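No lab work stands behind these numbers, since they all come straight from the coordinates. Just so you know, these numbers come straight off a predicted model, no measurement behind them. Here the Cβ positions follow ideal geometry from the backbone for every residue, glycine too, while neighbour counts run over all protein chains shown.
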Amino acid sequence: MKVPDDERVSSIFASFRNLGITNWIDGSKDIMSADDYTFANFMTSIREHFLENGWARKIYRAEIKQSMKQQQRFVDYANQVIYHNIILKGTDHHSDDAKLRETFLHNMSEGLINKLETLATDEHKRI
């Protein structure tokens, strides 16, 4: 069910269980109820108030830029990177599809790189 834009912020108020966040919401409802207060405004505010400085950079460096482990399955590695990239949506550290593909190619295990190098050019480009 799609929530109308003017109800998106208020529709998630009850989903928070953290006392600090619920108190912050209760104290800010006048601001958050304004017609020009968007969901993007809400997400920016919640990040500023409750996430430590540099959180996006830390996730990017620790999770997105890490190399695939030698015995790790590619699907597990890729899902981990994609999961953390979704968390980074709306930040300067979020990667588009082309950047994600580049990340995968630069950080995959040596064994997988060696297998890719044996593929025909057309097959390599398809992947």
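The table for this structure:
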item: Residue among 56, 103, 25 farthest towards the positive dipole end of the chain, charges placed on Cβ; result: 103
item: Extreme residue, positive dipole direction of segment 1-52, given options 14, 3, 40 (C-beta unit charges); result: 14
item: Segment 1-36 versus segment 84-114: alpha-carbon centroid distance in Å; result: 32 Å
item: Sorted by Cβ neighbour density within 10 Å, fewest at the top, the residues 106, 84; result: 106, 84
item: Label-point gap, in nm, between residue 105 and residue 13 - each point 7 angstrom along Cα→Cβ; result: 4.9 nm
item: Trypsin sites (Lys or Arg not before Pro) within segment 1-77: DSSP coil, no more than 16 neighbouring Cβ in 10 Å; result: 2, 17, 65, 69, 73
item: Lysines whose Cα lies under 27 Å from that of residue 58, excluding same-chain neighbours fewer than 8 positions away; result: 69, 89, 99
item: Virtual spin-label span in nm between residue 30 and residue 120, 7 Å along Cα→Cβ; result: 7.0 nm
item: FRET efficiency, 1/(1 + (r/R0)^6) with R0 25 Å, evaluated for residue 40 and residue 65 via beta carbons; result: 0.40
item: Within the chain: Cβ-based charge dipole about Cα centre, in debye rounded to nearest 20 (Lys, Arg +1; Asp, Glu -1); result: 560 debye
item: Inter-label distance, nm, simple model (7 Å from Cα along the C-beta direction), residue 6/residue 76; result: 5.0 nm
